[in-house]
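S.K.: I have a structure here, written as structure tokens, and I will follow up with some questions on it.
The values are calculated or read from the model by the stated rules, or taken from the named source; none is laboratory data. These numbers were taken from a predicted model, which means no experiment stands behind them. Cβ: placed from backbone, ideal geometry, glycine included. Neighbour counts: every protein chain shown.
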Amino acid sequence: MKVLLRASESRWLAPAAVLAAVLLTLLLTAVPIRLAGANPAAAFERYLVTPLTTFGSLGEVLLTATPLLFTGLAVAIAFRVGYFNIGAEGQFLAGTIAASIPALYLPDLPAPIALPLALAAGAVGGTAWAFLPAWLKRHAGIDEVVTTLLLNPVALLLVQGLLNGPWRNSATGFPDSDRFGAGYDLPRLIEGSRVHAGLLLAVLLVAVTWIVMSATPLGLRLRAAGQSPSAARFSGIRVTSLQWRCALVSGAVAGLGGASQVLGVQHQLTASVSNGYGYTGIVVATLGALAAGGVLLAALLLGTISVGAQNASIVLQLPTQMGAIVSSTLLLAAVGFLAARRYRLALRRRRVR
Amino acid sequence: MPAIALEATSADVASAPLAELVGIRKTFGALVANDSIDLAVQSGEVHALLGENGAGKSTLTRILYGLSQADSGEIRIQGRSTPMSSPADAMAAGIGMVTQEFSLVGTMTVTENLMLAGVGLGRIDRMAARARVLDAAARIGVAIDPDAVVETLSVGERQRVEIVKALFHDCRLLILDEPTAVLVPQDVELLFASIRRLTADGMGVIFISHKLHEVVEIADRVSILRRGRIVASVPARGLQPRQIAAMMVGADAASPGDDTQAAALATAIGLDAHVPAPPAAVSTGRGAALEIRDLTLAGASRPLLDRISLSVHTGEIVGVAGVSGNGQTELVRVLCGTTPATSGTVHVGGADITTAEVPARIAAGLGRLTEDRRGSVVLNLSVEQNLVLEDLDRFRNGPFISRRRISAHVRELMERFDIRASASDPIRSLSGGNMQKVLLARALSRNPTALVVSQPTRGLDVGACDYVYSQLRGLRDNGAGVLLVSEDLDELLELCDRIVVVYSGRIIGELSAAEASREELGLLMTGHTA
């Protein structure tokens, strides 16, 4: 048997690969779910269906998906142009720090000034955190995968340092910041749910990204630069400059996500503000095939699984980590099948004498 | 009857061909690459295999050498059916192959390279291997220094090493896949002398070439493949190149209606008998379309381009000849704007583009068609996207792309340049010829003042070559200047008004196409100045 590259592929092949990935995921994760003492079918229902059935849990899904939309979009923008930004986590955290600065030092500003200020600060923070790796990549050719990744724990340590130092809670003494001024609360979107205006901002960014990618010369140039830098360069596309700009925009989007999270959900800076959103953003971008619409769907899917995992842990006594197992298995299966669809198997004939 | 049959059988065994392919069929999806092919190579025979690109020659030789397996049919070696499931089987059966892509390790010596080919388990006997190299070199009648490091050798010398390597395995049938494509004329002569010595020893040779005058010179028998079938297998003696060309495209040379086609084809293939005289260029008031002055590109030890000065006038095709690796690639890169020049200037139609970025070069009227076809397009993007990638700003509608104008433009180009694909196909699925048409369309649609072209027909079939030639001529006749870099002398002699020869990064000679001879060019290409 031999593995050969497909000359052409039919349209249904990519959806079929995703479907196969979902089926394989269900099959594989049934084993640990069974081992944890639950019925796999019931567990899958909890993971994928239950969260979408009630108003309250639907709101939680949207709330969970919001930071993932920001980080997923940030990663997708960078990956599209061939800049492998693994640092959305650090940029997200930098965004939370930067948004906290006006919120802590100018607590009395009214909302119409406070919110734009804090959100802009978040975007600037994320951009600043993305700046160094992008600069090193552009001027010294240093691989961005390593530098962006290594700056993630630095950002976390910075958050912890601030919370244990100058920003320690003045009332309780815990390593959490003071509560932000009331003007800094992102408005709730729906009565009776924690969904906040950050979701609107994220969806807006998704829409803008989609339009830029699919309908402007810039979008086509970005794709060309990401797919084949040398050919793009030959065609007069300034690949290095595009990567530089996308790296900074990616950082800004991730930082905006951090700002949205502290202003919309936490209302104070805590060390656990990120919960790995930056890393999950890589999963979201990959599952979403680096497309804006795909990021939207993938973020909602992972949000659903994550809310479902909490539900399952209460009802079925499954550990919440099982949700992570399901989504990471799904990622591996999807990436595997999507890569494998480019190939076909050829059975080598036995020679007939 | 039985007696006769028996007699015939024993006669068969006595005169069994060295190698015989019987009823070979190979399909790739819907494409039939080889269709019930019968082919026999006798010992002592040079059997030329001819056909357009895509006719099935490489598929057939790959099957014979065990690199791919036939769907049906069998291979007989000296009358005995021998399955070839890998090159190891082929070597064991006494078959050797030399392809255009050499498989030598550049940093090792000749002897070490040949030892690699024959390494099994156990002791490596360097002295014995060295002796065998000298032995094999003597067998093909050339001098090879067994201790020379391969990367210091010329292309011709490397090819000789490859042949010696093939001979290492007690080879009785040698497959040479376009062996002359990379050689200067003097090396071709040496190669032919080697082939004659080998066949005199009783070896069989399968010789694949596009160059008909070579085939007529060296072959004993000519088999012609067309669309996967053998359409003719005839003795080479007395055969006219023109007849072969006609058979290759399926035209009957005798029928008068096909005269023009056969002539076009003959020129496309490189029959130099009737090179049409280039139209006398307009001599008055010609400006320079492309003006290169003292262009230098520094390299690690010596300059890759050394003070190149050259001007291409409007309405002129200037050829750049040279053995590969003498600065042609670098020259094209510098002109195309992918490598910055160290010093010197480049003007297109009066505009200085020496340090200009690609869009400015294009705007100044520079067209580019490089040898790296697949590197000039983004393979995963569609034909349409690639066609407009360099001119996106022309199709803007406010901040957005106008899809309507793009598809109208693309439809027009695809029609005008006869691109046989759908606009939404990923360009990686296109054949070499079609891809070249896309690149031609992209470059020519802007009516460039000067076109830089490198190896425009490498790997293309006869029809596509002819098409490229006619487009280049059309551009010239419309008043553009063309700089044609090619390793194919036939191509240069046919298309160019003037030919310069580069050697070691310098221009060491210039000839007008009318006075240039193959020998003269060949001498210059090897660095001999008169």
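S.K.: Which condition breaks for residue B:339 when tested against (1) within 31 Å of the chain's Cα centre (by Cα); (2) within 10 Å of another protein chain (Cβ to nearest Cβ)?
M.R.: In the conditions (1) within 31 Å of the chain's Cα centre (by Cα); (2) within 10 Å of another protein chain (Cβ to nearest Cβ), residue B:339 misses (2) alone.
S.K.: Testing residue B:426 on (1) at the interface with chain A (Cβ under 8 Å from one of its Cβ atoms); (2) at pLDDT below 90; (3) within 28 Å of the chain's Cα centre (by Cα), one condition comes back false. Which one is that?
M.R.: (1)
S.K.: Now for a different question. Of all residues in segment B:65-76, how many are surrounded by 22 or more Cβ atoms within 10 Å (Cβ to Cβ) and within 14 Å of chain A (Cβ to nearest Cβ)?
M.R.: Qualifying residue count for the region: 3.
S.K.: Could you grab the pairs with beta carbons closer than 7 Å, sequence gap of 6+ or different chains, first residue in segment A:15-32 and farther than 20 Å from residue A:45 by Cβ, second one of a type outside the set (Gly, Ala, Ser)?
M.R.: From residues that are farther than 20 Å from residue A:45 by Cβ, the pairs are A:17/A:337; A:17/A:338; A:17/A:341; A:20/A:337.
S.K.: May I pose another question? How about segment B:355-421: which helices (runs of 4 or more DSSP H) wholly inside it have at least 1 residues that are more than 8 Å from chain A (Cβ to nearest Cβ), among the acidic types (Asp, Glu) and farther than 22 Å from residue B:454 by Cα?
M.R.: Filter on segment B:355-421 gives B:383-388, B:403-416.
S.K.: Take the conditions closer than 27 Å to residue B:335 by Cβ and within 11 Å of chain A (Cβ to nearest Cβ) and apply them to residue B:444. Does it pass?
M.R.: no
S.K.: For segment A:205-218, check the following and say yes or no: at least one residue is within 14 Å of another protein chain (Cβ to nearest Cβ), in a loop (DSSP other than H, G, I, E, B) and closer than 30 Å to residue B:442 by Cα.
M.R.: Within segment A:205-218, one or more residues are within 14 Å of another protein chain (Cβ to nearest Cβ), in a loop (DSSP other than H, G, I, E, B) and closer than 30 Å to residue B:442 by Cα.
S.K.: Any idea which of B:191, B:173, B:183 is at pLDDT below 85 and within 27 Å of residue B:247 (Cα to Cα)?
M.R.: Testing whether each residue is at pLDDT below 85 and within 27 Å of residue B:247 (Cα to Cα) leaves just B:183.
S.K.: Please indicate, with yes or no, whether at least one residue in segment B:103-116 is of a type in the set (S, T, N, Q), assigned to a strand (DSSP E or B), free of Cβ contacts under 8 Å to residues at least 60 places away in the same chain and over 26 Å from residue B:247 (Cβ atoms).
M.R.: Yes, because at least one residue in segment B:103-116 is of a type in the set (S, T, N, Q), assigned to a strand (DSSP E or B), free of Cβ contacts under 8 Å to residues at least 60 places away in the same chain and over 26 Å from residue B:247 (Cβ atoms).
S.K.: Looking only at segment B:44-64, filter to residues that are of a type in the set (D, E, K, R) and part of a loop (DSSP other than H, G, I, E, B); which one of those is nearest to the other protein chains (Cβ to nearest Cβ)?
M.R.: B:52
S.K.: A follow-up question, please. Surrounded by fewer than 15 Cβ atoms within 10 Å (Cβ to Cβ), outside any helix (DSSP H, G or I) and not small (Gly, Ala, Ser) - does that describe any residue in segment B:134-143?
M.R.: Among the residues of segment B:134-143, not one is surrounded by fewer than 15 Cβ atoms within 10 Å (Cβ to Cβ), outside any helix (DSSP H, G or I) and not small (Gly, Ala, Ser), which makes the answer no.
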